[in-house]
Each structure stands twice: as structure tokens, then as C-alpha cells.
1. Alpha carbon centre of the range B:30-63 versus the range A:81-149: separation in Å?
2. So how much slack lies between residue A:338 and residue A:217, counting 0.36 nm per residue of separation and subtracting their Cα-Cα distance, in nm?
3. Helix-only mean residue ellipticity at 222 nm, chain A, DSSP H runs n ≥ 4 weighted -39,500 (n - 2.57), per residue, nearest 500. What is it?
4. When only alpha-carbon atoms are used, what values of Rg and Dmax, in angstrom, describe the range A:225-350?
5. Among DSSP beta bridges whose residues both lie in the protein assembly as shown, state the antiparallel percentage, nearest 5.
6. Could you identify which residue out of A:182, A:147, A:31 has the top mean-square fluctuation in a GNM of chain A using Cα springs shorter than 10 Å?
7. Taking only Cα atoms, what is the 0 to 90° angle, nearest 10, from helix B:35-53's long axis to the longest principal axis of chain B?
8. For A:209, A:216, what's the fewest-to-most ordering of other Cβ within 10 Å of each Cβ?
């Protein structure tokens with residue numbers, strides 16, 4: 001049987017109301033308050049062994065201390081599932097569930113962390129990428145339903161059943177993609193034509209690849225035209241060009257790593273010394289001549305002509321296929337910070 | 001400054017400065033053409049991109065290439 005622990009605030013932990021919101025974290029063996037209903041809903045597959053109770057203000061103002069105490073409570077416990085809440089629309093409680101859940105997830109990477117909040121709860125945006133947050137009700141009137149949704153999902157996981165999309169399961173999307181086979185199988189070509197026909201006919205259709213809302217970047221100030229000849233220009237690519245052997249082990253898809261490679265003294269990127277490890281296109285042309293992605297030869301010519309002062313001696317590379325927007329943004333920030341620090345004036349980003 | 005083949009995608013995600021390339025697997029040189037021709041194209045498009053770095057723009061802009 002799998003073991004679970006439930007996190008509650010002072011109110012649902014039956015310690016007291018707002019006057020007890022500074023309640024020091026504690027752990028109790030067995031079931032307190034909503035833990036009874038949760039345990040019942042979990043059936044025979046999962047047992048709630050302990051209840052943690054922590055005042056919302058304690059977690060809000062002494063978060064580090066609270067997390068340390070919770071970790072200490074759990075160090076000798078079995079944690080297959082960690083439940084928190086439901087937190088409904090209570091903002092402080094939602095954030096507390098998130099902070100506790102995230103810490104437990106870090107401590108027990110294989111544990112499943114499940115909570116529930118109303119979509120207006122700020123905890124949703126803060127923690128939806130870190131755990132399963134079920135779409136819950138606005139107030140405690142939804143307690144039974146919310147606990148049921150959390151419990152049913154946990155049971156599915158405990159039994160090793162296939163889980164489907166976030167929407168179908170009822171939790172807020174975590175920004176993760178999962179591949180699965182359709183049953184019955186319908187090829188992508190047919191699905192896309194169906195979508196296109198619906199779009200043309202003005203009917204409702206659902207994309208298989210929702211594009212997250214973009215955050216627009218302001219236009220960068222230009223390099224002054226008469227200063228281009230004094231400028232250092234860097235090349236960054238998502239085309240996966242790396243030294244043969246891929247020393248930084250950048251992933252060929254869904255990359256989370258980037259590398260920088262020194263091209264001092266080179267006039268072009270030679271086949272056999274550089275290659276692409278990008279898994280999203282036929283690498284033949286780029287392997288035969290890596291300059292088609294990192295145009296070092298043309299940059300050297302512009303250096304000679306004095307159009308630019310120089311190409312920055314490193315080029316930066318990662319792989320842009322299946323790469324999440326979140327990872328891409330992080331890598332972009334990291335690379336940009338380095339380039340800025342190195343005094344680079346402009347960047348050509350070559351995409352494949 | 002982005003050099004990319006999938007300009008509609010670049011536009012949809014809000015890239016500000018764009019120079020088109022000729023394909024996904026070989027953005028800057030078609031292997032079916034002679035080496036000199038590939039280099040000419042690459043030199044031209046990189047030049048457009050370098051000039052684009054100096055352009056004052058107020059909205060997303062696709063820079064024109066000749067080769």
C-alpha cells in the first residue's frame with residue numbers, strides 16, 4: 001500500500017481561526033479534519049499516515065523555518081503521495097500549499113505532489129509548473145468534490161493507469177508535453193485537415209499545440225550606423241552546431257543545455273570538426289559545411305572589410321526542437337547575460 | 001536580430017528584427033548549388049543582418065534580401 005501525507009493550515013487542521021494563523025508547524029500521526037475524507041476517497045490503494053498542520057502566517061512570514069521543520073518531520077517517513085489543501089480561493093493557503101509541496105517534491109523526487117485551488121488563487125500561477133494543482137472550488141463548500149478529484153487522480157497513478165491531458169484530468173497544465181498514441185489511430189495529416197476545414201468553416205476546433213501567450217520583448221536599441229565598424233558581433237544558434245563529439249552533451253531535442261565554442265584563429269567551420277546534433281532536420285548539409293548555420297566565413301570577410309570590428313570569439317549553440325519556451329527563455333537569459341558582460345554589441349541569432 | 005526560415009513563426013512569437021534564410025536544414029547555403037554561390041548568398045544575407053542591427057525600427061520588421 002502506498003503512503004500519503006496531507007498538509008493543512010491551522011483552520012482546516014482544527015487548531016483555530018485567524019488568531020491561530022501563526023501556529024508553529026506540527027505533524028500528527030493519523031487523520032485530522034479533511035484527512036479523514038481524503039483517506040476514505042483514496043480507498044485501499046493509498047493510506048494517509050500523517051497530517052501536517054501549519055499556520056498560514058507562519059508559512060508566509062517564516063517560510064524557510066517552516067520548510068525546514070516540515071522536512072525534518074518527513075525525514076523518517078514514507079512519502080509516495082503528498083497532498084496539500086484543497087486551498088480553494090484562499091491566497092495565503094494556496095501559496096503555503098505550493099511552498100510545502102515544492103519542498104517535499106525536492107526532498108522526495110519520486111513522490112507525487114497534489115493540491116487543489118480555485119483558478120483565481122495566486123498559488124496557481126506560482127506553482128502550476130511544480131506540481132499537480134487541481135481545478136478546485138472557490139470555497140470550502142467544494143471540499144468533498146475537490147478531495148475526490150485529488151484522490152481519484154492519485155489512485156490512477158498508484159494503479160499505473162495511463163493519464164491523459166491536464167484538461168481531461170482536471171489539473172492546471174504544467175507546461176509539459178506528453179506523447180501518446182491515439183486509439184483508434186488517426187494520422188496527423190487527417191487531423192490537421194479536419195482542423196483546417198473547421199477553421200475555414202468558422203467552426204470550433206482545438207489545436208494540438210497551444211502556443212503559450214507570448215511575452216513581447218521591446219526592440220533593442222540599434223547599434224549606431226557609424227559605430228558598426230567598432231562593434232563586436234556574436235553568433236548564437238538554435239541549430240545545434242557543436243564540435244564533433246558534442247563535448248557539452250547538449251540534447252538533440254528538448255534541450256536544456258547550451259554550449260559556447262571558441263573559434264579564434266579559424267576562418268570557417270570545417271566539416272569533420274563541427275557538426276549539428278539537432279534531431280529536427282536532415283543534418284547532411286550542415287555536417288558537410290557547418291557555415292550554412294554558423295556563417296563564420298562570411299563574418300570573417302566582414303571583419304576584413306572593416307564592416308564590423310570583430311566576431312565575438314565564442315559562438316553559442318543549443319538545439320531548438322521540442323525545447324520548451326521556459327527552457328529557451330532561461331537559456332536565452334543566460335547567454336544574453338554573458339554576451340553583455342563580454343561587451344558584445346550585437347547578436348545574429350541563426351535559427352533552423 | 002534573427003535569421004530564420006520560419007518567418008511566420010518568428011512573427012507570431014514577436015521577434016523584432018528578422019532576415020529570412022533559405023531553408024531549415026541549411027539556412028545560409030543551398031548544397032545543391034556550387035560552393036561559390038552558397039558563399040555569395042551567405043555573405044549577402046549576413047550583410048543584410050549586420051545592417052539590420054543598426055536600423056531604427058518601431059515595430060517588428062522583416063528585412064529584404066536580394067540573393
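We did not get these values from a lab; they are worked out from the coordinates using the rules stated. Small disclaimer: the values here were computed from a predicted structure and weren't measured. All Cβ positions, glycine included, derive from the backbone under ideal geometry; neighbour counts span all protein chains shown.
1. What the calculation gives is 50 Å, centre to centre.
2. Values: separation 121, 0.36 × 121 = 43.56 nm, distance 1.86 nm.
Taking 0.36 nm per residue and subtracting the Cα distance, the gain is 41.7 nm.
3. Calculated mean residue ellipticity at 222 nm is -9500 deg cm²/dmol.
4. 14.3, 41
5. 25 percent
6. Result for chain A, Cα springs under 10 Å: A:182 fluctuates most.
7. The angle comes out near 10 degrees.
8. With the fewest neighbours first, A:209, A:216 line up as A:209, A:216.
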